[in-house]
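Below: the structure, in structure tokens.
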Amino acid sequence: MAEHILLRHRDIPNIDRLEVYRQQGGFEAFQKAVASLTPDAVTDIVKASGLRGRGGAGFPTGMKWSFTDRKNWPHYVVCNADESEPGTFKDREILTGNPFQLLEGVAIASYAVGARVAYIYLRGEFWPIARELDKRIAELEAAGLLGDKLFGTEYSLRIYTHLGAGAYICGEETALLESIEGKLGQPRLRPPFPPAVGLFGKPTVINNTETLANVPLILQRGAEWFRSFGTEKSPGVKIFSLSGCVNRPGNYELPLGTTFRELIMGRGGGIAYGHKIKAIMPAGNSSSLIVATDEALNTPMDYESVPKLGAQLGSASVIVIDDSVDIPWLINKTVHFFRHESCGKCTPCREGTYWMSQLTERIAAGHATAEDVALLKAVAGQIKGKCFCALGEFSIEAVLSGMDRFKDDFEAKVSSYE
């Protein structure tokens, strides 16, 4: 790519300073929206761009905005910056390197849905980032870019940061809302969904950091410009967080539809220490394990193609596993994470992750019987489709896919494996 769209600080020094960001056309899109476009017109532009949520679900952003209940006021916008998925570190780079583009995206989304208050929810470990964002919000207010009667209109907007306490479950949007309200971070039963009943019982739009950072340039350059990147059904660029057994881990901003091979072997410099690639987790800890065949490596990374491999693209936190890694050991690590992060609200997740961790510990240590392996599969099956939110469902992705696709690794641990 000739230029970065989201990681613009890599091309433009000091774009995290307001004067530099404004020299690059910063906040012109927000001013254009407020001064000369209706909220519906802004939403229509985002719809036309095909922008999909970058937090994992890939839901069309403009469509989500259009679901906001117009009969119930006030409205809120929440930026989900609770980046807690192991293997994901893209949002943090936007928050620190290109923060004003995110803030402008939050502002445009707020105008589009009629919100006059917006929150940026940050994971607890991001307190230094929150402090810097607060300074930048104060700069925007001093410059007349946030606050009351913006750009000579009646529209007013305030943006606040809110720190969580480092709980993975608060990445789930309704648990996030509970946390902002000062309650225990546990998910709500849905429906109703946040665009109808969200923060403080009012309509709320929740978007990921990366999603909102796309919005200013979509409004500034147009929907067709955005669609010139990516694929027809997955337009735009994506930040792929590459980690694991690669020579050059890091964030790579590439068009959606780029292949796993280009990311891992091209940008990532191939597999470290002369090993061979064995598996790929395309969505961080929450991901199924993909066998790294030539077909898999040549698969485009977009929202339609990755599911054909029996996995999801998710937040595109691509973890590479080489042939030195023992899959039962890897699964044990993922299960222990989910056991630790389970909020305990529903029995299948609370009890299921505990028993899976006991079993995977035994298997990884080489102390298991064939009955233990069969029991692990049965416990995962009892969790599947029965949890209150997606966390429990995520906990079994690596377990079931690993047992199915890497049987040799389990056979090596259990002599009578079936």
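Taken together, the values in this text are just the output of simple stated rules run on the coordinates, not laboratory data. Just so it is clear, the structure is predicted and the values come from calculations on it, not from any experiment. Glycine gets a Cβ as well: all are built from the backbone with ideal geometry, and neighbour counts include every protein chain shown.
Here VAL306, VAL291, VAL379 are placed in order of increasing Cβ neighbour count within 10 Å, fewest first, which gives VAL291, VAL379, VAL306. The distance separating the Cα centre of the stretch 113-155 from that of the stretch 261-339 comes to 37 Å. On a straight-distance basis, which aspartates and glutamates could pair with LYS386 in a cross-link, Cα separation under 15 angstrom, same-chain partners fewer than 8 positions away excluded? Partners within reach: GLU351, GLU397. Remark: relative contact order (the stretch 134-260) = 10 percent; criterion is Cα-Cα distance under 8 angstrom and separation of 6 or more residues.
Placing a pseudo-label 7 Å from each Cα along the Cα-to-Cβ vector at SER324 and TRP73 gives an inter-label distance of 6.2 nm. Once the chain from SER36 to LYS149 is taken as fully extended at 0.36 nm per residue, the excess over their C-alpha distance is 39.2 nm. Enumerate by residue number the trypsin sites (Lys or Arg not before Pro) in the stretch 159-257 meeting two conditions: DSSP loop (anything except H, G, I, E, B), and at most 11 other Cβ atoms within 10 Å of the site's Cβ. Here the sparse-neighbourhood loop sites are LYS183.
Counting neighbouring Cβ atoms within 10 Å and putting the fewest first, the residues GLU28, GLU210, GLU232, GLU341 line up as GLU232, GLU28, GLU341, GLU210.
Report summary: the helix-based calculation at 222 nm, which adds -39500 (n - 2.57) for every DSSP H run with n ≥ 4 and divides by the residues of the chain, gives -11500 deg cm²/dmol.
For the listed residue pairs LYS149/LYS238; LYS64/LYS276; LYS90/LYS278; LYS32/LYS90; LYS32/LYS64; LYS233/LYS413, the alpha carbons are over 32 angstrom apart in LYS149/LYS238; LYS64/LYS276; LYS233/LYS413.
Within the chain, DSSP assigns beta bridges of which about 45% are antiparallel (rounded to the nearest 5). Remark: the ASN14-LYS233 segment gains 75.4 nm on full extension, using 0.36 nm per residue and subtracting the alpha carbon distance. Averaging the sequence gap over all C-alpha pairs within less than 8 Å and six or more residues apart, then dividing by the number of residues, gives the chain a relative contact order of 16 percent.
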